[in-house]
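The values are calculated or read from the model by the stated rules, or taken from the named source; none is laboratory data. Please read these numbers as outputs of a predicted model, since none were measured by experiment. All Cβ positions, glycine included, derive from the backbone under ideal geometry; neighbour counts span all protein chains shown. When the accessible area is computed, the model is the full protein with side chains, heavy atoms only, and any ligands, DNA or RNA have been set aside. Shrake-Rupley method; radii C 1.70, N 1.55, O 1.52, S 1.80 Å.
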Amino acid sequence: MMDKWNINFISQGDFTAHVKNTIESFGDKIQAFDLKRLNKNIIDPIKLIFDKNMYGVSWKDIIDDEMARQRDKSNNNDIGYFHQRFFQYIDGCHVPDNGTENGWDVIYENPKGIRLPDGDVVHTIYVEMKNKHNTMNSSSAGKTYIKMQNQILHNDDCACFLVEAIAQRSQNITWGTTVDGAKVAHKKIRRVSLDRFYATVTGEDDAFFQICLVLPNVIKEVIQIWNVGDIGKDTAYDELVQLAKEVSNGHSDDAAMTLAIYMLGFRTYEGFNKLALD
């Protein structure tokens, strides 16, 4: 266990449990990659060939990068779980079950009042969370804004926050967007970076900074104590090397590896099908 826990707004036990639950939510997505898993959705051999030759990197680096890309893509939702479910441990915050309570990600209530940057005071904040500032297209942004507008029409003692984990800057500003071709903005509909939302609900300006500092050690602790997140050994590259040997037919090692990469996507295509092995 870490020697000393200096964070006041969440206990060490609760945060450790949250990190453990987050890692467990990854499920089998963090398991090792064999060749079958690497090519589950059929990767694009042409892209890999361009990447390898344009950037002058090794085949192993190309395969490692592809595995990292696939892991990153599949784990984004689980990182969203980390950001959202964290607030279930914060006083005044409520995290609705998926699809309930009008689909809000977090609801924060404070009977003493919540002061907004322009001086208005409300007692409830409804939150829609996004991982990155650029993940919403104009249609999605319009729907989200209308949802927030409707919430304020039904309860004028509230504000609605679009909270972005990876925002362009630290901010808590009026959210201006376009709905049905018209520019709209409302001082109680706000675009807020994650650090500013942490500050709002904890009362500590650097609350998110505090969490970021302890996170690496807590992850390591969870993995060591509960053996959670051990992905094992990736074998996809070794299997590709073996496939290259089987289809080499006198080609150089690099050319044989190129053929093996092509086989991932074009195994049944004319010409390649003659190289295919049962």
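A few points about this structure:
- Qualifying residue in the stretch 246-255 (condition: outside any loop (DSSP other than H, G, I, E, B), of a type in the set (Ser, Thr, Tyr) and open to solvent by less than 40 Å² (accessible area, probe 1.4 Å)): no
- Counting the residues of the stretch 114-152 that are in contact (Cβ under 8 Å) with a residue 40 or more places away in the chain and either among the acidic types (Asp, Glu) or within 17 Å of residue 104 (Cβ to Cβ) (or both) gives 13.
- Restricting 78, 118 to residues that are touching a Ser or Thr at 6+ places or on another chain (Cβ under 9 Å) and over 30 Å from residue 216 (Cα atoms) narrows the list to 118.
- Residue 112 being open to solvent by 30 Å² or more (accessible area, probe 1.4 Å) and within 18 Å of the chain's Cα centre (by Cα): no
- As a summary of the residue check, residue 22 satisfies the conditions (1) of a type in the set (Val, Ile, Thr); (2) at pLDDT 95 or above; (3) assigned to a helix (DSSP H, G or I); (4) over 30 Å from residue 254 (Cβ atoms) except for the one numbered (2).
- Residues that are among the hydrophobic types (A, V, I, L, M, F, W, C), closer than 27 Å to residue 167 by Cβ and open to solvent by 30 Å² or more (accessible area, probe 1.4 Å) within the stretch 29-83 comprise 68, 79, listed in sequence order.
- On the stretch given as the stretch 1-38, residues that are touching a Gly at 6+ places or on another chain (Cβ under 9 Å) and of a type in the set (Lys, Arg) total 0.
- Residues of the stretch 45-90 satisfying the condition of being over 14 Å from residue 22 (Cα atoms) and among the polar types (S, T, N, Q): 53, 58, 70
- Output for the stretch 65-102, where each listed residue is among the aliphatic types (A, V, I, L, M) and modelled with pLDDT of 90 or more: 67, 90, 95
- Residues of the stretch 204-234 that turn out to be without any contact (Cβ under 8 Å) to a residue 24 or more places away in the chain and either small (Gly, Ala, Ser) or in contact with a Phe, Trp or Tyr (Cβ under 7 Å, 6 or more places away or on another chain) (or both), as a count: 1
- Residues of the stretch 191-214 satisfying the condition of being open to solvent by less than 30 Å² (accessible area, probe 1.4 Å) and outside any helix (DSSP H, G or I): 192, 193
- For the stretch 14-41, the set of residues classified as touching a residue at least 40 places away in the same chain (Cβ under 8 Å) and of a type in the set (A, V, I, L, M, F, W, C) consists of 15, 19, 23, 26, 30, 32, 33, 35, 38, listed by residue number.
- Only residues that are surrounded by 14 or more Cβ atoms within 10 Å (Cβ to Cβ), at pLDDT 95 or above and not in a strand (DSSP E or B) were counted in the stretch 150-173, giving 3.
- Of all residues in the stretch 153-170, those that are under 20 Å from residue 186 (Cα atoms) have Cβ atoms under 8 Å from Cβ atoms of residues that are open to solvent by 90 Å² or more (accessible area, probe 1.4 Å) and assigned to a strand (DSSP E or B), 6 or more apart or on another chain, in 164/132.
- Index of the failed condition, residue 185 passing every other in (1) modelled with pLDDT of 90 or more; (2) open to solvent by 40 Å² or more (accessible area, probe 1.4 Å); (3) touching a Gly at 6+ places or on another chain (Cβ under 8 Å); (4) part of a helix (DSSP H, G or I): (4)
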